[in-house]
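Comments concern the structure below.
The values are calculated or read from the model by the stated rules, or taken from the named source; none is laboratory data. On a predicted model such as this, the values are computed, not experimentally measured, just so you know. For neighbour counting, all protein chains shown are included, and Cβ atoms are generated from backbone atoms with ideal geometry for every residue, glycine included.
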Amino acid sequence: MTIAPESFTAHVDPARIQRDWEALAAFTAPELPYTRKAFSIPYKEAREWLAERMRDAGLQVRVDAASNLIGRLPGERDDGPVLMAGSHIDTVEAGGRFDGIVGVLGALEAARALQEAGVVLLHPLEIVDFTCEEPTLTGMTPLGSRIMAGALTSNDLIGVLTPLDESLADAINALGGDSAHVEQARLAAGDIAAYLELHIEQGPVLERANVPIGVVTAIAARCSCFITLDGQADHAGATLIPDRRDALAGAAEVVLALEQIASDSELIEETVGTVGWMRLFPNMVNIIPGHVEFRAEVRSTDARMLETAKSRLQAVVEETATRRGLQFTLQWEDMEQPVTIPDRLQSILVQACQTLGLPFMQLPSRATHDAARLASIAPVGMLFIPCKEGKSHVPEEWAELDHIVQGVHTLSYALVLLDQSL
């Protein structure tokens with residue numbers, strides 16, 4: 001059966017999307033908007049609000065053992081594999097109002113539009129708000145989607161604390177999960193017929209090209225490491241430069257070297273490197289830093305480029321420490337692999353754009369997403385919409401309502417096309 005897109009896209013309601021977005025944005029740490037870190041009070045309140053919106057939309061709401069919030073729209077064949085769409089509503093500190101949120105609220109609006117148009121899918125549709133996608137827990141995130149894909153078990157949760165000094169197990173339980181049996185949230189290959197995620201680009205490509213929709217071709221992998229450098233703390237005035245073993249000066253060299261590594265013309269444009277967190281001791285204005293800890297990461301959509309950047313960073317740390325008389329440690333924490341979006345999923349998303357008459361372009365995702373974690377057990381696809389000046393993870397993060405609506409239109413019709421093709 002062929003379903004014309006105009007039969008349900010007319011039911012995508014911009015005013016309803018706007019109300020949802022404004023209501024969800026209000027769940028924030030008031031002293032540091034827009035902050036809704038996983039497991040915080042604003043996060044718990046936002047999840048309760050979202051669950052109620054799902055119920056209002058006629059979805060069957062449940063929380064799985066990993067504390068992922070799921071709203072289910074039954075299909076004609078309700079006992080088979082599901083179509084899945086969603087993202088996350090947690091944020092980084094002082095983050096934005098759209099990263100992840102567009103994917104959750106957009107999927108919810110798509111479910112409403114389909115129902116209001118009288119469209120019944122063959123497959124059940126599940127809208128998921130994945131628990132703790134942002135790096136609130138070092139080395140554990142994205143948490144909910146990793147558990148769903150079977151990459152984390154209850155044993156991995158033992159001894160882990162949240163930034164609120166609460167055990168991760170207790171935090172999951174407080175959201176309605178079952179930390180002692182998180183394996184029950186695991187889905188096998190074939191349980192998800194396909195997963196789609198709508199997201200802001202978190203980059204400037206679509207905006208600069210004046211194109212409203214991006215069809216994602218690949219998702220970059222993120223690999224991060226924890227580095228320590230140990231030198232000698234000493235008097236900042238009385239210690240001559242040749243006699244110093246300055247750990248911070250060594251760390252500064254590594255930071256700049258990582259920038260140079262990622263800028264090498266041998267590597268593709270999507271290969272990047274960043275140091276975003278650092279701590280030094282004793283951290284006194286008149287004492288040479290004797291100990292520095294920092295986290296560095298490299299990302300790429302190409303596995304070979306990723307390995308090249310990682311090995312070069314390792315070599316720089318070793319060489320810098322040796323030359324400066326420092327002791328060092330380097331421990332890799334997150335070791336992801338780039339994900340290539342299946343051609344079939346890309347083709348369906350392209351078809352949706354073409355049928356709706358929406359300009360689009362195909363481009364890689366330089367950020368990672370829940371979709372990347374589910375790729376090990378299901379076919380995944382991603383749609384991007386522009387964000388202002390490419391900014392994300394900052395309070396100024398912004399997406400135009402028209403673009404969100406176009407993204408929801410595309411997501412809705414892509415779900416129909418997928419449903420018919422499976």
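Please specify each residue of the range 316-342 satisfying the condition of being within 22 Å of D246 (Cβ to Cβ) and without any contact (Cβ under 8 Å) to a residue 60 or more places away in the chain. Explain how you work it out, then say what you get.
Keep residues of the range 316-342 that are within 22 Å of D246 (Cβ to Cβ), which gives 316-330.
E318, E319, T322, R323, listed by residue number.
Quick one: is L313 outside any helix (DSSP H, G or I) and either crowded, with 20+ Cβ neighbours inside 10 Å or touching a Ser or Thr at 6+ places or on another chain (Cβ under 9 Å) (or both)?
no
Since E134 meets every condition but one in (1) at negative phi; (2) in contact with a helix residue (DSSP H, G or I) (Cβ under 6 Å, 6 or more places away or on another chain); (3) part of a loop (DSSP other than H, G, I, E, B), which condition does it not meet?
(2)
The rows are residues; the columns are (1) free of Cβ contacts under 8 Å to residues at least 60 places away in the same chain; (2) among the β-branched types (V, I, T); (3) loosely packed, with under 15 Cβ neighbours inside 10 Å; (4) not assigned by TED's automatic domain parsing to the domain that holds L187.
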{"site": "A352", "(1), (2), (3), (4)": "no, no, no, no"}
{"site": "A371", "(1), (2), (3), (4)": "no, no, no, no"}
{"site": "A375", "(1), (2), (3), (4)": "no, no, no, no"}
{"site": "M382", "(1), (2), (3), (4)": "no, no, no, no"}
{"site": "P386", "(1), (2), (3), (4)": "no, no, no, no"}
{"site": "E396", "(1), (2), (3), (4)": "no, no, yes, no"}
{"site": "V408", "(1), (2), (3), (4)": "no, yes, no, no"}
{"site": "L415", "(1), (2), (3), (4)": "no, no, no, no"}
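Considering only residues that are in contact with a His (Cβ under 9 Å, 6 or more places away or on another chain) and surrounded by 12 or more Cβ atoms within 10 Å (Cβ to Cβ), which ones fall in the range 260-292?
The answer is L280, F281, I287, I288.
Of (1) surrounded by 14 or more Cβ atoms within 10 Å (Cβ to Cβ); (2) out of contact with any Cys (no Cβ under 6 Å at 6 or more places or on another chain), A38 satisfies all except one. Which?
The single condition A38 does not satisfy is (2).
Enumerate the pairs (first residue in the range 34-52 and farther than 16 Å from W21 by Cβ; second residue anywhere and among the hydrophobic types (A, V, I, L, M, F, W, C) and in a helix (DSSP H, G or I)) with beta-carbon separation below 9 Å, excluding pairs fewer than 6 apart on the same chain, so at least 6 apart or on different chains.
Final answer for the pair search is A38/L143; A38/A171; F39/L168; F39/A171; F39/I172; F39/A174; K44/A174.
Specify the residue that is farthest from P142 (Cα to Cα); the eligible residues are those in the range 11-64 that are assigned to a strand (DSSP E or B) and of a type outside the set (D, E, K, R).
Q60
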